[in-house]
Every structure is written in structure tokens, then in C-alpha cells.
Amino acid sequence: MNKDLGKTAVALSGGGALGLAHIGVLKAMEELGIRPAVLAGTSAGALIGAFYARGIPVSEIEKLALSIDRVGTLRLLNPSIPRGGLLDMRNIEQLFQMHLGKETRIEDLSIPFIAVTVDFQTGDILYVNRGNLVDAVLASIAIPGVFKPVDANGTLLVDGGLRDNLPLRVLREYEHDTMIGVNVLKTKELKLEGYFSSVDRNKKISKEEPDNFFERITQAVRMGRANREQNIPLRLTYIGYQSVLILLSELSNKEILIANPDLVIQLDLSHMHLWEFWRAAEAIKIGYESAKRQLQEFLKS
């Protein structure tokens, strides 16, 4: 039990490669004497949470993450005949089995653990708290259209981020004194209520005019760079990526409002993309420094 927080329940959000920041967060928690009494995770959060709940030291988890470079990332992703997904998870499954144990069961872990997945046929959220650990993690990270769904229990299981990207409410079912969420998809707060508007395709978006010549040049350079990077913004990859970010951010924000946790550690990794697993060092550093600062402020209050 943590001296100041009592039994601490922790939820780790999904977010692809951004979820590597959870390693830094867990490192900061340990330094402050905070050990989760229960862990729930979605997608990348389920992956990092599974390693930690398995009893693997956070230093070893960090070492493994840092060992995966661009080439290593490509080796983990096997192209497949596009029936249910562009990639299969054979190499990823072997990696998990090597480190988590092929026969490890969730109910035997040192820390109670929940992996979030979705029944693709019914749309129901499944909070997996028993059964094979590797299978649970694979189901939680199975992004629809990218990875083939995991066929288990007679149904198809896909990424839990479709319904619950920051699994806070499920922690209510476990005894705890303090609830902490870790959100790696910090964005501006979306307007939940919506608002009325008009649409005119012929009307150009007005931009504030710069005050002087230097500002005009700076704005032109900035807009030119943005045009090249985003193609304003009709590239298919950009559209799909931005759609995922909006969806996951909305789900996380709503979960925070409903669950009302004691603390949400918000991490800004907006400079990284969901698939950049070779940037683990940056993500871990941001997770560690930001979490330690926010946790220290929380403990003082």
C-alpha cells in the first residue's frame, strides 16, 4: 500500500507508439513510492500494463522498448493477405510469448490486471481479467483493418480503443483508495455539446493579417511548410490518422468526465505519430518527466 495514496488503481490509455510513455510514468511512480494495486489498460496501455503486472522490472521493459529500431519495427509487422487486416501478428505474438510466457494466465499475475478489447460482432466492450495473458494483449492491440482480429471464445476481438480508450470506470470494481488515469493523447478539450454552424464551400477561411513585413514572411514560410507536410490535408494517411486521433481523444475525454478519477496524468506527445515505435527514448523521457512533476504536485495537494 502506498503511504500517501493507499491502494492505487491505475488506468493506462491506448495510443500506439505514444503508449511507450507509460514506461516512463511507471518509473516515476516507483521513484515516488507508488505501486499500482490494480492495472487496467487499452491497446498500448494493455501491452505495457501486462509487462508490469507480470512482475518484469520497469528497467527491463524500458531496455526492450529501446532495442526496437526502425528495422526492428518492420520485422515485427508481417504483411498478410488482406482478409481482415493488412498485417498479422505472428512475430509480435512470439515476442510477447518470449517475455510474458506462453502459458501465463492473468489470474496468476502479481498485480490484478484488466485488458480492454471489443467484440467486433456485437460491439460490446470486454474487460479481460482472466485467461491467457498473451491472447488478451493481442486482442487489445488488434487495430481493425490493420491487424487481423483475434479469434477467441468463438468471437472476433479487436482493439479496445474502439469503445474505451482510457479504462477508468472498470477500476470501480476493484478495491482502491485512489484512482489515477494516464492519457498519452493529450489534446485540446473537445466541445461535448456541439454547436450550430453553416457550410459554404465557396467561402475561403479568413486568416488574421500579419502586422508587419517580418510577420508576413514568417507566416508565408509556416503556411508553405504546412502545405507540404499535410497536403491540406487530403492525403489518405493524414485523413485516417486525424480521424483516429479525434475518436480516441473524444473517448478518453468522456471517460474522464464520467469516471471522475483523483488524477489524470496528461502527456503531450503531439510531435510523435502512432506508429513511430523507434522513438521510444523520447516517449519514455516525456512520460517520466511529466508524470513525476504532476504526481509531485498531486501529492503536495
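Some observations on this one:
- Extreme residue, farthest from residue 22 (Cα to Cα), among residues of the range 291-301 that are of a type outside the set (A, V, I, L, M) and in contact (Cβ under 8 Å) with a residue 60 or more places away in the chain: 296
- Annotation: of all residues in the range 6-40 being in a loop (DSSP other than H, G, I, E, B) and within 16 Å of residue 168 (Cβ to Cβ), the one that is most open to solvent (accessible area, probe 1.4 Å) is 7.
- Helices (runs of 4 or more DSSP H) wholly inside the range 45-149 containing at least 1 residues that are loosely packed, with under 14 Cβ neighbours inside 10 Å and β-branched (Val, Ile, Thr): 70-76
- Output for the range 248-301, where each listed residue is basic (Lys, Arg), at pLDDT 90 or above and within 19 Å of residue 180 (Cα to Cα): 292, 293, 300
- For first residues located in the range 2-20 and more than 20 Å from residue 139 (Cβ to Cβ) and at pLDDT below 95, partners that are open to solvent by less than 20 Å² (accessible area, probe 1.4 Å) and of a type in the set (Asp, Glu) and lie 6+ apart or on another chain with Cβ distances below 8 Å do not occur.
- Annotation: of all residues in the range 150-178 being aliphatic (A, V, I, L, M) and over 18 Å from the mean Cα position of the chain (by Cα), the one that is most open to solvent (accessible area, probe 1.4 Å) is 156.
The values are calculated or read from the model by the stated rules, or taken from the named source; none is laboratory data. Owing to the predicted nature of the structure, the values given are computational and were not obtained by experimental measurement. Don't worry about glycine lacking a Cβ; one is built from the backbone with ideal geometry, like all the others, and counts go over all protein chains shown. Protein only, heavy atoms only, side chains kept; ligands, DNA and RNA dropped before computing areas. Shrake-Rupley method; radii C 1.70, N 1.55, O 1.52, S 1.80 Å.
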